[in-house]
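*Asks:* Let me give you the structure first, and then I'll get to my questions.
Taken together, the values in this text are just the output of simple stated rules run on the coordinates, not laboratory data. Everything quoted here is computed from the prediction, not taken from an experiment. Cβ atoms come from the backbone with ideal geometry, glycine included; neighbour counts cover every protein chain shown.
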């Protein structure tokens, strides 16, 4: 049986990611409208092996900065929480979830707080991890500029762009342990 992926978001973003997911061997079910997500979930007879939540296009027709930010929060991040809650029931055990950050609308006149937007998306990822803990699987948060192949890689549960861990013992075989340990610690990088 082929593995399947549910992809939600704007039509143009889905089109970019669909072929990469299909090339990775996933059968793709797509919903480009938040109102179609439940119907798309029902179309799958089995649980989805991956769920890719892409951003949607959100018009910000409010005249004030407060109104514009309010629309982005209500229709953007809070809409993503509601959608994820709906999709949870349709995920197979071990399913991988990929949350892709969104771009700001061109007509937005409010100052961008990228870190705040990413923090809210990470809150969603932590909630999904906690909810899905018994079933396993990975939850990844990718930047807005993530390539379709990177998104497909994450949907398969792989860490995109990660290289295999080298054999550090072979790098400095004759070095005293204390010095070796410090050298290895200098190589470590914290993931953001």
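*Asks:* Could you please tell me which pairs satisfy a Cβ distance under 6 Å, a separation of 6+ or placement on different chains, a first residue in the range 84-99 that is farther than 21 Å from residue 39 by Cβ, and a second residue that is surrounded by fewer than 16 Cβ atoms within 10 Å (Cβ to Cβ)?
*Replies:* The qualifying pairs are 93/135; 94/136.
*Asks:* Ok, one more. State which residue is surrounded by the most Cβ atoms within 10 Å (Cβ to Cβ) when the search covers only the range 129-158 and only residues that are in contact with a helix residue (DSSP H, G or I) (Cβ under 9 Å, 6 or more places away or on another chain) and more than 24 Å from residue 22 (Cβ to Cβ).
*Replies:* My answer is 132.
*Asks:* Could you tell me which residue of the range 19-39 is surrounded by the fewest Cβ atoms within 10 Å (Cβ to Cβ), considering only residues that are in contact with a strand residue (DSSP E or B) (Cβ under 8 Å, 6 or more places away or on another chain) and more than 21 Å from residue 88 (Cα to Cα)?
*Replies:* Step one: list which residues in the range 19-39 are in contact with a strand residue (DSSP E or B) (Cβ under 8 Å, 6 or more places away or on another chain), which gives 21-22, 25-32, 34, 37, 39.
Cutting the leftovers down to more than 21 Å from residue 88 (Cα to Cα) gives us 22, 25.
Details: 22: 13, 25: 11.
Here the answer is 25.
*Asks:* Give me the pairs: first residue in the range 13-30 and in contact (Cβ under 8 Å) with a residue 40 or more places away in the chain, second residue part of a helix (DSSP H, G or I), beta-carbon distance under 6 Å, and six or more apart or on different chains, which are they?
*Replies:* Pairs that qualify, where the first residue is in contact (Cβ under 8 Å) with a residue 40 or more places away in the chain and the partner is part of a helix (DSSP H, G or I), are 16/148; 17/148; 17/151; 20/148; 20/149; 20/152; 21/152; 24/152.
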